[in-house]
Amino acid sequence: MTVSGISKSGKGPLALGVAVLAVLTVIPAHAAGDPGKVPGAPENQKPTVVLVHGAFADASGWNGVVERLQHDGYQVIAPANTLRGIPQDSTYLNSLLKTVKGPIVLVGHSYGGEVISQAAAGVDNVKALVYINAIMPDKGESFTSLASKFPAAPLTTALKQVPFRNGDGTTGTDVYIQPAKLHAVFAQDLSRQQASTMAATQRPIALSAFTDKLTDAAWRDKPVYVLVGKQDRAINPSLERYEAKRAHARKTVEIDSSHVSMISHPQAVTDLIVTAAHDSGRQ
């Protein structure tokens, strides 16, 4: 009788031991019970970039940024932000983040900045927060209370309210930008045709979102990167600078852009995200 072709001769036990040792030397460390290794996890994994849009918009506003990030080899997710208010939107995003394996760089534009601030709290694999023309309230603050620290932006004079009814009979109020004013107060560095299309396809935000208070502010304990649009007419640029300083941003970039810098200046936005991604790999 033989075992793996090794006879029961006097040399059998020694030969079998050598064979077993040879097999063990090619078994990966994690298969031998190394608790510090995750099977198949790459050594220097690029983070997944999650892009969260703001009010009056949808995820297509990130298209130029997505294309550039994908070209650089990043996995990108640009989910729909429901724009129903901080409790619902941040809970939804938090649940999505928990399905992503590996490190994450989380990016928020405008109202999306509020959403990512609360959604990322307690999610350890979110390694950096990037704020693009964004709102960054602290715990216990709302957009309304934060924005009151500075003169109101021109957008505030161009809004209209539209009532809505839900399937369960409850009602609420949506807020839109008046189509004729969108170019001037929201996207003045895009063509009028682009702005006209944005006005027709805009997604409203629930009025209640403006007064929802954050229950967590992840920017207090995660690295922060900020882009300020110096020509922003939807959020006062002075407010954006204040937020960056308060959050001790690792890098703040200012560009000559309207509120929609990810559309008009996608390379500058991409560059800041990539900086955050590189820095997160060195932490």
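The values are calculated or read from the model by the stated rules, or taken from the named source; none is laboratory data. Only a predicted model underlies this, so the values are computations on that prediction, with no experimental measurement involved. Please note: Cβ atoms are built from the backbone with ideal geometry, for glycine as well, and neighbour counts cover all protein chains shown. Calculation scope for accessible area: heavy atoms of the full protein, side chains included, ligands and nucleic acids excluded. Shrake-Rupley method; radii C 1.70, N 1.55, O 1.52, S 1.80 Å.
Structural remarks
- Contour excess over end-to-end distance, with Cα ends at Asn63 and Asp174 and 0.36 nm allotted per residue: 37.4 nm
- Ligands, DNA and RNA are left out, and with a 1.4 angstrom probe the accessible area of the range 135-283 is 49 Å² per residue.
- Once the Cα gyration tensor of the range 118-177 is diagonalised, semi-axes √(5λ) in Å: 27, 21, 11
- Surface share of carbon and sulfur [accessible, 1.4 angstrom probe, percent] for the range 124-283: 50
- Of the cross-linked pairs Lys181/Lys230; Lys127/Lys181; Lys98/Lys230; Lys46/Lys230; Lys98/Lys181; Lys160/Lys222, those separated by over 29 Å at the C-alpha level are Lys127/Lys181; Lys98/Lys230; Lys46/Lys230; Lys98/Lys181; Lys160/Lys222.
- Accessible surface ranking that places the most exposed of Glu240, Glu67, Glu254 first, with a 1.4 angstrom probe: Glu67, Glu254, Glu240
- Once all protein chains are placed together, Tyr242 keeps about 80 Å² accessible to a 1.4 angstrom probe.
- Surface calculation, 1.4 Å probe, protein heavy atoms: Ile235 sits at approximately 10 Å² accessible.
- Inter-part distance where the range 51-89 and the range 172-209 are each reduced to a Cα centre, Å: 17
- Whole-number Å³ per residue for the convex hull built on Cα positions in the range 77-200: 148
- Within the full protein context, the accessible area of Arg233 is estimated at about 90 Å² for a probe radius of 1.4 Å.
- Residues Asp221, Asp256, ordered by accessible area of protein heavy atoms at a 1.4 angstrom probe radius and largest first, appear as Asp221, Asp256.
- In nm, spacing of pseudo-spin labels at Thr144 and Arg165 (7 Å Cα→C-beta vector): 2.6
- Loop-resident trypsin sites (Lys or Arg not before Pro) (DSSP state other than H, G, I, E or B) in the range 123-190 with no more than 14 further Cβ atoms inside 10 Å of their Cβ: Lys139, Lys149.
- Relative counts (whole %) of C-alpha pair distances in the range 197-283, using bins that are 5 Å wide: 3, 12, 17, 21, 21, 16, 8, 2, 0
- Anisotropy class of the range 150-229 from Cα gyration tensor, a/c 1.5 cut: oblate
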